[in-house]
1. Condition first: in contact (Cβ under 8 Å) with a residue 12 or more places away in the chain, open to solvent by less than 30 Å² (accessible area, probe 1.4 Å), outside any helix (DSSP H, G or I) and out of contact with any strand residue (DSSP E or B) (no Cβ under 6 Å at 6 or more places or on another chain). Can you find one or more residues in the range 38-51 that meet it?
2. Could you pull out the residue among Glu58, Glu53, Glu16 that is among the charged types (D, E, K, R) and either touching a Cys at 6+ places or on another chain (Cβ under 8 Å) or farther than 25 Å from Glu119 by Cβ (or both)?
3. Give me the pairs, please: first residue somewhere in the range 104-126 and more than 21 Å from Leu195 (Cβ to Cβ) and among the small types (Gly, Ala, Ser), second residue anywhere and part of a helix (DSSP H, G or I) and open to solvent by less than 60 Å² (accessible area, probe 1.4 Å), beta-carbon distance under 8 Å, and either six or more positions apart or on two chains.
4. Would you please name the residue that is nearest to the chain's Cα centre (by Cα), looking only at residues in the range 52-85 that are part of a strand (DSSP E or B) and surrounded by fewer than 17 Cβ atoms within 10 Å (Cβ to Cβ)?
5. One residue is enough: does the range 134-148 have a residue meeting the conditions at pLDDT 95 or above and either surrounded by 17 or more Cβ atoms within 10 Å (Cβ to Cβ) or not acidic (Asp, Glu) (or both)?
6. Please specify each residue of the range 114-123 satisfying the condition of being open to solvent by less than 50 Å² (accessible area, probe 1.4 Å) and either within 12 Å of Ala151 (Cα to Cα) or hydroxyl-bearing (Ser, Thr, Tyr) (or both).
7. What are the residue pairs meeting all of these: first residue in the range 178-197, first residue loosely packed, with under 14 Cβ neighbours inside 10 Å and small (Gly, Ala, Ser), second residue modelled with pLDDT of 95 or more and part of a strand (DSSP E or B), Cβ atoms under 6 Å, and 6 or more apart or on different chains?
8. Return yes when Thr48 is of a type in the set (Ser, Thr, Tyr) and more than 19 Å from Ala112 (Cα to Cα) and no when it is not.
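The values are calculated or read from the model by the stated rules, or taken from the named source; none is laboratory data. Model, not experiment: these values are computed from the prediction. Reconstructed Cβ throughout: ideal geometry from the backbone, glycine too, with neighbour counts over all protein chains shown. These area figures cover heavy atoms from the full protein model, side chains too; ligands, DNA and RNA do not enter into them. Shrake-Rupley method; radii C 1.70, N 1.55, O 1.52, S 1.80 Å.
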Amino acid sequence: MNRLTLHVAAVDHRVELRPLVDGADLLATAFPDGPGMDPRHLPTLAATAEPHEARLAEAECMEICCGALYVTITRTPTEVRWHGWRDPDRPGLSLPTLRFLATHYDAELARAVGDFSWEWPARTIARHLEPALRDATAWLTRWECDTPTLATSPATPTQLDLLFFHRPTGHAGAPWLQFRRALPLAAPETLYADLTTTDPRAGAEVVGGSAEFAERLGYPWLW
């Protein structure tokens with residue numbers, strides 16, 4: 001039987017999940033072309049009665065360009081198997097089947113899912129705030145905005161940015177802009193109350209779209 005450790009590494013501008021098999025970094029040899037997945041995807045590694053595929057890593061330039069590493073996870077009454085390895089960029093990829101004792105596998109996954117000791121302050125706030133913002137869509141619709149995302153990095157542990165799009169009309173070819181708004185480090189419920197009762201564009205800067213779209217919508221274009 002193999003032994004699995006789900007290690008989270010926060011390095012430079014990203015955080016990634018690095019599976020260690022028998023103490024060795026699996027991705028270092030199986031997929032050196034890009035980082036492991038964000039630890040928010042840990043639940044996809046759950047071993048259920050129905051076999052399923054999970055992505056472990058993606059190329060720096062995105063999967064469509066240089067591939068990704070997938071594994072099929074299968075459960076039996078006593079063990080969990082990682083097999084059926086796939087990389088869209090490397091047809092015929094062949095890696096050995098890994099077998100883990102089911103009880104040990106479940107315990108390690110539960111530990112990793114519940115461990116946030118690696119988080120930095122802004123990431124902790126984002127983890128609690130982002131799901132609530134996505135569920136409360138009315139506040140964005142009111143201002144003709146959508147797709148809120150919270151961005152933070154271990155390189156700037158106290159910086160938290162709200163990214164969102166402004167689309168006054170939904171038809172093809174209509175002008176749109178992406179905004180970034182810096183948020184203070186405050187309690188998630190305080191930020192939620194502020195964001196959902198005010199125009200998110202207030203105090204935000206344009207970071208995406210085009211000079212033409214910015215002019216048509218009445219915003220400065222500084223890029």
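1. no
2. Glu53
3. Pairs found: Ala112/Pro39; Ala112/Leu42.
4. Among them, the one singled out is Arg55.
5. Looking for residues that are at pLDDT 95 or above and either surrounded by 17 or more Cβ atoms within 10 Å (Cβ to Cβ) or not acidic (Asp, Glu) (or both), one finds none in the range 134-148, hence no.
6. Ala122, Arg123
7. Ala182/Asp161
8. Details: of a type in the set (Ser, Thr, Tyr): yes; more than 19 Å from Ala112 (Cα to Cα): no.
When the stated conditions are applied, Thr48 does not pass them.
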